[in-house]
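One structure below.
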Amino acid sequence: MKYMVLLGDGMADWPLPAYDGRTPLQVAQTPAMDRLANEGVSGLFSPIPEGLPPGSDVGNLSLFGYDPRQTFGGRAPIEAANQGISLTDHQVAFRCNLVTLQDGVMRDFTAGHITSAEGAVLMAALNEGMRDRFPTMFHPGVSYRHLVVFTGTPECTPDDCVALMCEPPHNITGQPYKSFLPKGKVAELVLEMMSCSQEILRNHPVNAARIQAGHAPASSIWLWGQGKSPAMATYQEKFGITGAVISAVDLVKGIGKLAGLDVIDVPGATGWIDTDYEGKIAAGLEALETRDFVYIHLEAPDEAAHQGRADLKIRAIEDFDRRIVAPAMAYQKTHPECRILVAPDHYTTIETKTHAGGPLPFALSGYGITPNGGSAYSETDATRTGLSLPDAHTLVAQMFQDSAISFS
Ligand SMILES: [Zn+2]
């Protein structure tokens, strides 16, 4: 048996007034997903459990078949896994943004989309300047997205760090940041690290050159998304199958690594609407020749919605349908022992330009699945079938069992 999860990141949305109250999924021409819903089962499920943030981390964990209530421990340890950084039980990983703070305001959570090369120089400077004062190690990443690993001490244990309330900096663009600084028992330590970073960064030649060139300087670090290494059984242990993941996004690749899946890099995968769709599905179908499962993640609908661009989101959904889902369904025609699940991981709404929770539409077709009367794939069509599942990871786990799946 073969299994595919095709994930359209943030594809679900609220009704758009500019499109007669239809959602992007309703406006977009999606014959392949409509046929999937028609030939299989469609309905609503909840990748984001009550009480957890509607992030790609939580949503994708669910769509990989893990219960996020048991495995979700912050974004940073997942990204660390993707970078090959392993954490001991005494260590916590924080996401470390390079940001631009100015006059008490979060001016830019990307420090002007600082280059990776500049970021790496600054991470080295922070290691040099801070390692005698704090039990930390900075690891350079891409652009403004870096990681810092903190080794716990008796005064500041890993659990103390995990318990800190840290605000994602992209949530507070243009706002005074003071009230969003870390809160909790060991907040003082993070605040000291921030002010120490500000001293080191203030006169750094990289920033002098950026200011000279009219770019935003990286004036501070901003720590968030912290957690310990999640205790995740591998796919082999949990489901007894092999698989691969294809995504442009570090977070999704990191979950794949933690799950013991092969992470396949497609050179043209950009995370944007110009991504190499054909390259992704070709790599996915090739992966299935020697493996049981493939997870193909498309970031573009989410990015378009973060920009508030309904037109681009609709286009991204149509491209996903025609260039990923349609070829996957053609494969299914010639390989009947195959199951395909299509879903988003959360809402990303054009109206708010950010994520939202709520039940999401899914469609699952293939071997041993009896159609339940769906006619098309969208939020309202999924609601109309009357099928509503309490979570999402249970369905994914069921999909990997080769017996027929009953939804009555
Ligand atoms: Zn997402």
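The values are calculated or read from the model by the stated rules, or taken from the named source; none is laboratory data. Bear in mind the structure is a predicted one, so any value in this text is a computation, not a measurement. When we count neighbours, we look across all protein chains shown, and the Cβ atoms used for this are built from the backbone with ideal geometry, even at glycine.
Below are the figures for this structure:
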quantity	calculated
In the range 296-306, residue farthest from residue 247 (Cα to Cα) [restricted to those that are crowded, with 24+ Cβ neighbours inside 10 Å and over 13 Å from the mean Cα position of the chain (by Cα)]	305
Pairs where the first residue, in the range 284-300, is closer than 16 Å to residue 249 by Cβ and at pLDDT below 95 and the second is assigned to a loop (DSSP other than H, G, I, E, B) and away from the ligand (no atom under 16 Å from the Cβ), C-beta under 6 Å, 6+ apart	none
All helices (runs of 4 or more DSSP H) inside the range 146-223 with 1 or more residues being in contact with a Phe, Trp or Tyr (Cβ under 7 Å, 6 or more places away or on another chain)	158-163, 187-202
In the range 33-47, residue nearest to the ligand (Cβ to nearest atom) [restricted to those that are in a helix (DSSP H, G or I) and surrounded by fewer than 24 Cβ atoms within 10 Å (Cβ to Cβ)]	34
Selection status of residue 273, within 16 Å of the ligand (Cβ to nearest atom), touching a helix residue (DSSP H, G or I) at 6+ places or on another chain (Cβ under 9 Å) and closer than 26 Å to residue 396 by Cα	no
Residues being within 19 Å of the chain's Cα centre (by Cα) and surrounded by fewer than 20 Cβ atoms within 10 Å (Cβ to Cβ) - total across the range 133-144	2
Single match in 9, 13, 20 (criterion: charged (D, E, K, R), more than 16 Å from the ligand (Cβ to nearest atom) and at pLDDT 95 or above)	20
Positions within the range 100-135 being part of a helix (DSSP H, G or I) and among the acidic types (Asp, Glu), in sequence order	118, 128
Given (1) part of a strand (DSSP E or B); (2) over 30 Å from residue 326 (Cβ atoms); (3) not assigned by TED's automatic domain parsing to the domain that holds residue 151, number of the condition residue 50 does not satisfy	(1)
Number of the condition not met by residue 57 [criteria: (1) of a type outside the set (Lys, Arg); (2) out of contact with any Phe, Trp or Tyr (no Cβ under 7 Å at 6 or more places or on another chain); (3) within 16 Å of the ligand (Cβ to nearest atom)]	(2)
Hits in the range 301-331 (condition: farther than 20 Å from residue 54 by Cα and free of Cβ contacts under 8 Å to residues at least 40 places away in the same chain)	311, 312, 330
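Table: residues versus (1) in contact with a Gly (Cβ under 9 Å, 6 or more places away or on another chain); (2) more than 26 Å from residue 168 (Cα to Cα); (3) within 16 Å of the ligand (Cβ to nearest atom).
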residue: 299; (1), (2), (3): yes, no, yes
residue: 303; (1), (2), (3): yes, no, yes
residue: 307; (1), (2), (3): no, no, yes
residue: 329; (1), (2), (3): no, yes, no
residue: 336; (1), (2), (3): yes, yes, no
residue: 351; (1), (2), (3): yes, no, no
residue: 369; (1), (2), (3): yes, yes, no
residue: 389; (1), (2), (3): yes, yes, no
